[in-house]
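Step one of this worksheet: look at the structure below.
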Amino acid sequence: MGVEIDLSGRVVLVTGGTRGIGAGISEVLLRAGARVHVCSRGEPERLPEHDGVRAEFVQADVRDPEQVDGLIDEVVRRDGRLDSVVNNAGGAPPADTATASPRFHSKIVELNLLAPLLVCQRAWPVMRDSGGSMTMISSVAAQRAAPTIAAYAAAKAGVESLTRTLALEFAPSVRVNAVSVGVARTDNFREHFGAEAEQSGFAETIPMGRPAEPVEVGNACAFLASPLAEYLTGAVLAVDGGGEPHPHLKQLAREFSRD
């Protein structure tokens, strides 16, 4: 029997929580009973919801200090508190490292590393006395070399370092952890790998045999926000289906399975 996570009465902010992985995270938190606030730069066509309960929307660019201040203030104005933050906003289009402009690299680092730092910095005074949790959405790219994502991968490596530093500075009242996400089934996945990616043998590179569903990332976030994780801080939780092992390791595994 699975453990049902109850976040009733908790107020959670999910940056970039209107689509893709962010929407999956928001839906799981709503299902757990949390009051969920989401933000993005533009108002979405639809908001995440569960069983008739819809996430609250605040328009904000998390790269802008004044807008982040306004975002935190608005959440507190509406609900009187803030218990958890999920720093999900991020991403990057592929780009050739040798020819991408300095401005391109700067914008990628700003969104994927400096914005989460800014949100945590501004949320800390609100959460310091009441306690709570902050969760960073990282990527397997932080630890695995891959072409065309140099700035993004470096930023995500920075996010994992930032997680450990903030966990040290904000303890014991606020816990700070990260979720390292592998390939997830989103619109970006289809755009990046092609509509037929899952039928092309791509999924065979993942031990679990498929990409993650956004709600599975949400399950990890709900756990980290819950009392079940009350002694967990400074950790990076891998939600990657076992990773993408090197082909020679997969061949060894097949040989052992035949013995």
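The values are calculated or read from the model by the stated rules, or taken from the named source; none is laboratory data. This is a predicted model, so every value here is computed, not measured. Cβ coordinates were reconstructed from backbone atoms using ideal geometry, including for glycine residues, and neighbour counts include every protein chain displayed. The area values use the complete protein model at the heavy-atom level, side chains included, leaving out ligands, DNA and RNA. Shrake-Rupley method; radii C 1.70, N 1.55, O 1.52, S 1.80 Å.
Search region 17-30 for residues that are free of Cβ contacts under 8 Å to residues at least 40 places away in the same chain and under 14 Å from Ala225 (Cβ atoms) and pair each with any residue that is open to solvent by 10 Å² or more (accessible area, probe 1.4 Å) and among the hydrophobic types (A, V, I, L, M, F, W, C) when their beta-carbon atoms are under 8 Å apart and the residues are at least 6 apart or on different chains.
Leu30/Val53
Taking region 163-186 only, how many residues are modelled with pLDDT of 95 or more, open to solvent by less than 20 Å² (accessible area, probe 1.4 Å) and not β-branched (Val, Ile, Thr)?
Residues that pass the stated criteria total 6.
List pairs: first in region 215-227 and over 15 Å from Glu4 (Cβ atoms) and surrounded by 20 or more Cβ atoms within 10 Å (Cβ to Cβ), second of a type in the set (S, T, N, Q) and at pLDDT 95 or above, Cβ under 7 Å, 6+ apart or cross-chain?
Cys221/Thr135; Leu224/Ser133; Leu224/Thr135; Leu224/Asn177
Could you give every pair whose Cβ atoms fall below 7 Å, whose first residue belongs to region 100-111 and is in a helix (DSSP H, G or I), and whose second residue is aromatic (Phe, Trp, Tyr) and modelled with pLDDT of 95 or more, counting only separations of at least 6 or pairs across chains?
Ile108/Tyr152
Taking the residues in region 120-161 that are among the basic types (Lys, Arg) and open to solvent by 60 Å² or more (accessible area, probe 1.4 Å) as candidates, determine which candidate is nearest to Ala220 (Cα to Cα). It would help to see each step written out before you state the result.
From region 120-161, those among the basic types (Lys, Arg) are 122, 128, 144, 156; that's our starting set.
From what's left, open to solvent by 60 Å² or more (accessible area, probe 1.4 Å): 122, 128, 144.
Numbers: Arg122: 24, Arg128: 23, Arg144: 21 Å.
By that ranking, first place goes to Arg144.
Quick one: Thr18 ticks every box in (1) surrounded by fewer than 17 Cβ atoms within 10 Å (Cβ to Cβ); (2) among the hydroxyl-bearing types (Ser, Thr, Tyr); (3) closer than 17 Å to Glu216 by Cα except a single one, so which number is it?
Tallying (1) surrounded by fewer than 17 Cβ atoms within 10 Å (Cβ to Cβ); (2) among the hydroxyl-bearing types (Ser, Thr, Tyr); (3) closer than 17 Å to Glu216 by Cα, Thr18 fails exactly one: (1).
Could you tell me which residue of region 24-41 is nearest to Thr186 (Cα to Cα), considering only residues that are in a helix (DSSP H, G or I) and open to solvent by 10 Å² or more (accessible area, probe 1.4 Å)?
Of everything passing the filter in region 24-41, Glu27 is nearest to Thr186 (Cα to Cα).
Among (1) modelled with pLDDT of 95 or more; (2) open to solvent by less than 30 Å² (accessible area, probe 1.4 Å); (3) in a helix (DSSP H, G or I), there is one condition Val86 misses while meeting the rest; what is its number?
(3)
Does region 97-107 include one or more residues that are within 23 Å of Leu29 (Cα to Cα) and buried (at least 17 other Cβ atoms within 10 Å of the Cβ)? Talk me through it step by step, then tell me what you get.
First, pick out the residues of region 97-107 that are within 23 Å of Leu29 (Cα to Cα): none.
For region 97-107, residues within 23 Å of Leu29 (Cα to Cα) and buried (at least 17 other Cβ atoms within 10 Å of the Cβ): absent.
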